[in-house]
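Trainee: Structure below; questions to follow.
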Amino acid sequence: MAEDLPHIEEKASVALLIIDMINDMEFEDSEKIFPKALQAAENIAHLKKRAKQHGIPVIYVNDNYGRWQSDFKELVDHCKQDNVKGKPITELVEPEDDDYFVLKPQFSAFFATPLDLLLDYLEVKTLIITGVAGNMCIQFTANDAYMRHYKLLIPSDATASNQKEDNDQALDLMSKVLKADISSSSTYNFINIIKEASEYYSQERG
């Protein structure tokens, strides 16, 4: 059954994070994660489309891969070149003009970035965290988000690691320790998610 679209407001108390999916995949052992990341990218693209129908802001958080003199658009353009291994993934989840982006120097999306300030501006206290790698940047980001009292949704079908076992273990840990909802994104009812996120935001702001 199709979801009835709610009245869209500028700030919905929930945001979708897409972490390190703008990625040239030009690194050692990338062949281990590539097929899993490609499948995750397909699911993220569908999730993003549904989220934006409900007015949920989308934030890309990405390593700069040592390209300190590049901006985010240049990074996207680089990853879309014909000879770049990560092109199919980047094309699936390519940012749109109304999306936000943050470049990060380390694993966590919060470390030395303005992400917390952006989320505060958007009045967000619930995060849907997607991307790679599940047992590294996703887990580091989730840890920092939990310490900042964000409510976490980390869809199991929208993350990937080099080994499926490592990804599953990370998801299990985030579920048990960080109280993250790791349900598949295919089960999401955004009307309920937005309602619960709004209630949680009100509780947190007191």
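The values are calculated or read from the model by the stated rules, or taken from the named source; none is laboratory data. Predicted model only: the values in this text are computed from it and were never measured. Cβ coordinates were reconstructed from backbone atoms using ideal geometry, including for glycine residues, and neighbour counts include every protein chain displayed. SASA here: full protein model, heavy atoms, side chains in, ligands and nucleic acids out. Shrake-Rupley method; radii C 1.70, N 1.55, O 1.52, S 1.80 Å.
Trainee: How big is the dipole moment of the chain about its Cα centre under a simple scheme where the beta carbon of each Lys and Arg is +1, that of each Asp and Glu is -1, and everything else is neutral? Debye, nearest 20, please.
Mentor: Around 420 debye, computed over the chain.
Trainee: Quick one: pull the percent of accessible area on the chain belonging to carbon and sulfur, 1.4 Å probe, ligands and nucleic acids left out.
Mentor: 50
Trainee: May I ask you to derive the relative contact order of the stretch 31-110, considering only C-alpha pairs under 8 Å and at least 6 residues apart, and to give it as an integer percent?
Mentor: This gives 41 percent for the stretch 31-110.
Trainee: Using a 1.4 angstrom probe and counting only protein chains, how large is the accessible area of Phe34 in Å², to 10?
Mentor: Using a 1.4 Å probe on the heavy atoms, I get roughly 50 Å².
Trainee: Let me cross-check Glu165: its accessible surface, 1.4 Å probe, with only protein heavy atoms counted, in Å² to the nearest 10?
Mentor: 120
Trainee: Calculate for the chain the 222 nm mean residue ellipticity that helices alone would give, adding -39,500 (n - 2.57) per DSSP H run of length 4 or more and normalising by residue count, nearest 500 deg cm²/dmol.
Mentor: For the chain, the value works out to -12500 deg cm²/dmol.
Trainee: Return a whole-number percent for the relative contact order of the chain, with Cα pairs under 8 Å and 6 or more residues apart as the contact set.
Mentor: 28
Trainee: If you count only protein heavy atoms with a 1.4 Å probe, what accessible area per residue comes out for the chain, rounded to a whole Å²?
Mentor: Per residue, the chain has an accessible area of 51 Å².
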